[in-house]
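Each remark here refers to the structure printed beneath this line.
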Amino acid sequence: MPQTALITGITGQDGSYLCELLLSKGYCVHGSTRSAESESLNHLKAGLNKARLPEDPLDSVLKIHQLDFARDEATSEFLDKHKIDEIYHLAGQTRVGDSFDHPTATFNANVKPTLALLEAIRASSRSQSIRFFQASSAEIFGGTEESPQSESTQYAPRSPYAASKVAAQSLVESYREAYGLFVCSGILYNHESPRRSAEFVSGKIVDAAARIALGEEHKLVLGNFETGRDWGFAGDYVEAMWMMLQHEAPKDYVIATGEWHSLREFLEIAFQTVGLDWQDYTTSDPKFFRPVEPTRLVGDPTRIKTDLGWQPQTTFAEMIEAMVKQRIVQRRSESE
Ligand code: GDP
């Protein structure tokens, strides 16, 4: 029997990469998304049709749903009806900056669905055979002095987003301890790809570099330059999620490259890819600043490397170059 997985937030960056990975492994995938008719769903399907996947018609191996997490019974019925083996819970409000303006919506989106899924697993007649992955975030360590951060670093959330991720990860931890369920969290450091939207700084930079190179725009206005991150490639990170659910025991893992890069380095590589100097085009405007920034976020991926043999495959520079090049191709085809 093929394995059956549920991916919440399937049309997002990580959801789409994970969907491709699971379909290539012969899984039957159920995906949940907010709107069954959205443009992002069409994008997902178009991408899957282009990806080299097994012969089955897409509709027979991929089913899209709109799950109502407000009702625990609905989630529970769903898991039983579709005999879900693995759940990858990726849906949520993912923008840290927006969480300062919309803290309640952020909490509702990031905590209640996790709890609904955990309760549904607990209530299921198959509770001991369902495996659950929670997408947690490096932001849970936002205020820490420890560097690099590992699974044993104390939580120190610095934004409503980070606080919501601490709450969700703590729920996962307590359900694992209390009920012996196979539920775990991946503490994901920033991970980007050509599918990243311009709401994130990486997407905004590569979009600007591409537009400036094509003569469509002349400047890029960012917020705080004095920052940086441990940036990895999303395609590598979904592999780590899958590996976590194949392991013999449920454990939380830091998913990171272990390398910190400044935003200036990101800008330099992005603009160099199109033969330009970022300093000629980029300015900073306080309107894009956040009320508070995390300290130096850099993950220590030793545990996942040792336990699961996971290694990021794509370097920082390779990822940025691929993002810029793909954006140029996209812009060209959009303007045709
Ligand atoms: P995050 O780590 O999930 O918040 O990812 P982002 O890509 O949104 O932000 C990464 C860093 O870039 C943060 O420290 C931001 O303050 C900084 N940054 C600087 N300018 C911008 C901007 O124009 N947009 C965004 N999204 N972030 C910016």
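Taking the criterion of being surrounded by fewer than 20 Cβ atoms within 10 Å (Cβ to Cβ), within 24 Å of Arg158 (Cβ to Cβ) and within 22 Å of the chain's Cα centre (by Cα), would at least one residue in region 224-246 satisfy it? Yes, there is a match, as at least one residue in region 224-246 is surrounded by fewer than 20 Cβ atoms within 10 Å (Cβ to Cβ), within 24 Å of Arg158 (Cβ to Cβ) and within 22 Å of the chain's Cα centre (by Cα).
Checking each residue in region 14-25 for being of a type in the set (S, T, N, Q) and open to solvent by less than 20 Å² (accessible area, probe 1.4 Å) picks out only Ser16. Would you confirm whether any residue within region 305-325 is open to solvent by 50 Å² or more (accessible area, probe 1.4 Å), of a type outside the set (Phe, Trp, Tyr) and farther than 18 Å from Phe233 by Cβ? Checked against the condition, which is being open to solvent by 50 Å² or more (accessible area, probe 1.4 Å), of a type outside the set (Phe, Trp, Tyr) and farther than 18 Å from Phe233 by Cβ, region 305-325 yields at least one hit. Pairs linking a residue in region 113-138 that is more than 16 Å from Phe69 (Cα to Cα) to a residue that is aromatic (Phe, Trp, Tyr) and part of a strand (DSSP E or B), with Cβ atoms under 6 Å and 6 or more positions apart or on different chains, are Arg131/Phe182; Phe133/Tyr88. So, in region 276-300, exactly how many residues are in contact with a helix residue (DSSP H, G or I) (Cβ under 7 Å, 6 or more places away or on another chain) and within 11 Å of the ligand (Cβ to nearest atom)? Of the residues in that region, 5 qualify.
Of all the numbered requirements in (1) open to solvent by 20 Å² or more (accessible area, probe 1.4 Å); (2) at pLDDT 95 or above; (3) farther than 18 Å from Ile255 by Cβ, Glu151 misses one, and that requirement is (3).
Counting the residues of region 128-141 that are farther than 17 Å from Asp252 by Cβ and either within 16 Å of the ligand (Cβ to nearest atom) or surrounded by 16 or more Cβ atoms within 10 Å (Cβ to Cβ) (or both) gives 1. Name the residue that is surrounded by the fewest Cβ atoms within 10 Å (Cβ to Cβ), counting only residues in region 156-178 that are touching a residue at least 60 places away in the same chain (Cβ under 8 Å), within 14 Å of the ligand (Cβ to nearest atom) and assigned to a helix (DSSP H, G or I). Taking the candidates together, the pick is Pro160.
The values are calculated or read from the model by the stated rules, or taken from the named source; none is laboratory data. None of the values given here were measured: they were computed from a predicted structure. Here Cβ is always computed from backbone atoms with ideal geometry, including for glycine, and neighbour counts include all displayed protein chains. What goes into the accessible areas is simple: the full protein's heavy atoms, side chains included, and nothing from ligands, DNA or RNA. Shrake-Rupley method; radii C 1.70, N 1.55, O 1.52, S 1.80 Å.
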